Amino acid sequence: MKNLLTKTLSVLMALILVFGIFDNVYADPDPESEGETTSEETTLAIETSAASDDQIVVSTEDAKTAFLNENNPEAPEINGKSFVLFDAQSQVYLYGLDINQALEPASTTKLMTVLLALENCDMSDTVTITPMMFTGIPEDYVRLGMTEGEEFTVEALINAAVLKSCNDATLALAIHIGGSEADFCTLMNERAKELGCTNTNFTSSYGLSDPERPNLTTVSDMCKILEACLTYPEFSEIATSTQYEIPETNKYNDKRTILNANRFISTQMYAYEYYIGGKTGFTEAAGNTIVAAANKNGRVLIAAIFGAEDSEIRYSDIIKLFEYGYNKFTTVAIDEADYTTLKDNTEVQITQLLVDTDLKIVDYSIDLNPYHTTLTSRAIGGYTAVIELSGVVIDPNVTSQSFDIPLYRRYSDNYTYEVGTIHLLIEAKERLSEITPEKSSSKFWGRLKKLIITVLSISALAVILIAAIFIFRRRNIKRKDRNFRNKSKML
């Protein structure tokens with residue numbers, strides 16, 4: 001019996017090991033993927049057609065100034081030390097000379113002061129005049145005429161600064177906002193940097209010419225300042241009005257009528273129907289300056305001239321610039337529909353490329369420039385939507401990779417302009433997400449079945465063991481009883 005018990009226990013232990021009741025239950029990786037490795041040098045790339053040798057590719061950044069380097073025989077001759085024509089919608093400089101040369105802007109400086117007044121004051125705010133607001137201005141500079149303690153609204157001072165170029169009205173705004181002109185100039189320069197001005201250093205709020213402290217900016221920077229002013233509808237209303245009437249003040253009993261001195265408004269000779277605002281200036285050091293904006297069918301152009309030799313020629317030259325811009329250049333909104341098919345087809349290609357990898361696309365979005373400008377003659381020939389895929393080289397071993405895929409417009413003369421990008425982000429798949437619900441369910445029930453069989457087997461073995469012990473004890477009792485009887489007979 002002892003041997004029987006030993007054999008029974010041995011069988012029980014063997015069955016326990018066979019059924020593996022000590023195994024853990026967990027989500028195994030897909031057996032089909034086990035053992036697969038990829039060489040570190042393996043990369044995945046989409047085939048792309050090579051660009052032609054005579055193709056001229058212009059990036060979004062380069063497009064802002066690309067036309068300045070193109071020789072156009074139809075471009076007008078402009079009188080001035082520097083000048084520029086700027087498309088406000090596409091942010092492209094269409095034509096110019098020394099557009100980043102720092103020069104004295106004279107009274108066009110007042111645009112920055114007016115901008116800060118529009119941004120920091122209500123038109124109904126009251127400004128009380130102090131001597132600091134009119135002393136120190138040269139005698140030959142235009143003035144409104146103010147008295148200490150006199151009160152003006154911000155609206156009245158802005159009108160005086162824009163329409164008549166009153167220097168004391170401009171200085172009053174500056175000191176009202178900044179506390180002193182010096183502190184206000186600091187605000188002017190900080191705001192200029194925020195607008196993207198790169199060669200501007202204002203030392204005067206109204207355009208004072210001081211050789212020891214030069215007041216400097218560029219025609220390109222001045223276009224950005226005027227563009228900011230145009231975001232306020234009241235600026236255009238003021239700049240294009242024929243006159244403004246300042247009501248009586250606490251120190252002056254009569255009304256003061258200010259006429260618009262800008263020849264775009266005050267004369268028939270230089271009237272320009274698309275004019276929406278601007279400013280002129282003059283000092284001996286700066287010469288004649290002007291910055292102006294026009295809006296034709298929703299398309300806004302801004303032009304500036306510094307250092308013109310004549311006060312009137314600057315008006316005719318600005319009109320020449322506007323007409324050149326409207327006639328020779330075309331600006332259109334970029335339509336995403338033009339690139340939808342190209343975008344979708346490329347996504348399909350990339351997805352197919354990743355089928356046999358542990359990677360997937362997690363972001364695939366398009367970002368287009370709002371507007372695009374090109375020569376009208378170039379636009380007439382039509383364009384082809386193009387995507388550049390040569391830079392999309394995917395490493396299957398890198399878990400996170402991002403690409404900016406350029407989108408272009410290619411014209412028949414081989415000029416190719418970048419008009420946007422597709423942002424592509426590729427990351428590793430999550431391991432658990434690779435196990436399909438069917439696979440996961442099948443494995444779960446398989447393991448559960450295995451566990452149930454194991455439990456039942458152990459139970460059966462336990463019953464057999466108990467039965468064996470019971471039989472052994474019963475036989476042992478009978479053996480002892482038989483021995484006892486035999487001893488009794490012997491006695």
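Please compute the modelled spin-label separation between Ile464 and Asp363, points set 7 Å along Cα→Cβ, answer in nm with one decimal.
6.3 nm
Would you please give the FRET efficiency between Tyr141 and Asn120, computed as 1/(1 + (r/R0)^6) with r the Cβ-Cβ distance and R0 = 22 Å, to the nearest 0.05? Numbers along the way, then the final one.
Numbers: r = 24 Å, r/R0 = 1.11.
Result of the calculation: an efficiency of 0.35.
At R0 = 25 Å, how high is the FRET efficiency between Gln243 and Asp310 if r is their beta carbon distance? Nearest 0.05 is fine.
On the way: r = 26 Å, r/R0 = 1.03.
Once the sixth-power term is evaluated, E becomes 0.45.
What ranking of Tyr252, Tyr383 emerges when the number of other C-beta atoms within 10 Å of each C-beta is taken as an exposure proxy, fewest first?
Details: Tyr252 15, Tyr383 19.
Sorted ascending by nearby Cβ count, the order is Tyr252, Tyr383.
Counting other C-beta atoms within 10 Å, which of Ile99, Ile305 has the fewest, and how do the rest follow? Please list the in-between numbers first.
Numbers: Ile99 23, Ile305 31.
Starting with the residue having the fewest Cβ neighbours, the order is Ile99, Ile305.
Summing +1 for each Lys or Arg and -1 for each Asp or Glu, what net charge is found among the other residues whose Cβ lies under 12 Å from the Cβ of Leu195? Display every interim value, and only then the final one.
On the way: positive: Arg191, Lys193, Lys224; negative: Glu119, Glu190, Glu194, Asp221, Glu227.
Within the 12 Å Cβ shell, the charges total -2.
Simple spin-label model, 7 Å along Cα-to-Cβ: Leu68 to Asn476 in nm?
10.8 nm
Using the beta-carbon distance between Thr231 and Ile452 and R0 = 45 Å, what value does 1/(1 + (r/R0)^6) give for FRET efficiency, to the nearest 0.05?
Numbers: r = 75 Å, r/R0 = 1.67.
Approximately 0.05, to the nearest 0.05.
Taking only pairs that are 8 or more places apart or on different chains, how many Lys pairs in the stretch 66-332 have Cα atoms under 18 angstrom apart?
14
Using modelled amide H (1.01 Å from N, peptide plane; none on Pro or chain starts), what sits under 5 Å from the amide H of Lys251, excluding residues fewer than 5 places away?
When sequence neighbours closer than 5 places are left aside, the close amide H contacts are Glu151.
Fewest Cβ neighbours within 10 Å first, please rank Asp183, Asp363 accordingly. Let's see the in-between values first.
On the way: Asp183 13, Asp363 10.
Arranged by neighbour count, lowest to highest, Asp183, Asp363 become Asp363, Asp183.
Order the peptides 83-95, 342-354 from the highest to the lowest mean number of other Cβ atoms within 10 Å of their residues. Each step should come with its number before you reach the end.
Values: 83-95: 22.8, 342-354: 14.5.
Highest to lowest by the protection proxy: 83-95, 342-354.
Using unit Cβ charges (K, R positive; D, E negative) and no other charged atoms, how large, in debye to the nearest 20, is the dipole of the stretch 66-332 about its Cα centre? Write down the numbers at each step before the final one.
Working: 18 positive and 36 negative charges, 104 e Å.
It comes to approximately 500 debye.
Considering the alpha-carbon set of the stretch 66-332 alone, what are its Rg and its Dmax in angstrom?
Rg, Dmax (Cα atoms, Å): 17.8, 59.
So, with +1 on the Cβ of K and R and -1 on the Cβ of D and E, and no other charges, what is the size of the charge dipole of the stretch 55-106 about its Cα centre, to the nearest 20 debye? Spell out each step's value before the answer.
Values: 2 positive and 8 negative charges, 15 e Å.
Computed charge dipole of the stretch 55-106: roughly 80 debye.
Kindly list the residues of the stretch 210-226 that lie in the label zone of Glu194, defined by a backbone N under 18 Å from the point 7 Å along the Cα-to-C-beta vector.
221-226
Need one number for the stretch 110-230: average projected area of the convex hull over its C-alpha atoms, nm².
Numbers: hull surface 27.9 nm².
Computing the convex hull of the Cα atoms and averaging its projections yields 7.0 nm².
If you take the square roots of the eigenvalues of the alpha-carbon gyration tensor of the stretch 65-104 and sort them as a ≥ b ≥ c, do you get rounded (a/c under 1.5), prolate (a/b over b/c) or oblate?
Numbers: a/c = 1.84, a/b = 1.14, b/c = 1.62.
Oblate, since a/c reaches 1.5 and b/c is not below a/b.
Residue by residue through the stretch 302-307, what is 3J(HN,Hα) from phi via Karplus (6.51 cos²θ - 1.76 cosθ + 1.60, θ = phi - 60°)? Round to whole Hz and write x for glycine and proline.
In residue order, the calculated couplings are 10, 10, 9, 9, 10, x Hz.
Restricting to Cα pairs below 8 Å that are 6+ residues apart, what does the relative contact order work out to for the stretch 66-332? Please round to a whole percent. Don't jump to the answer; show the numbers that get you there.
Details: 541 pairs, mean separation 65.9, N = 267.
About 25 percent, as a whole number.
Pull up all non-local amide H partners of Tyr383: gap of 5 or more, or a different chain, and H-to-H distance under 5 Å with H placed in the peptide plane.
none
How much net charge surrounds Ala182 when only other residues with a Cβ under 15 Å from its Cβ are counted (Lys, Arg +1; Asp, Glu -1)? If you can, show how the numbers build up before the last one.
Values: positive: Arg213; negative: Glu181, Asp183, Glu190, Asp210, Glu212.
Its environment carries a net charge of -4.
Over the stretch 152-206, what is the relative contact order in percent, taking alpha-carbon pairs closer than 8 angstrom and at least six residues apart? Don't skip to the end; give the middle numbers.
Details: 44 pairs, mean separation 15.9, N = 55.
After rounding, I find 29 percent.
Each value in this text was obtained by applying a stated rule to the coordinates, not by laboratory testing. Model, not experiment: these values are computed from the prediction. Cβ atoms come from the backbone with ideal geometry, glycine included; neighbour counts cover every protein chain shown.
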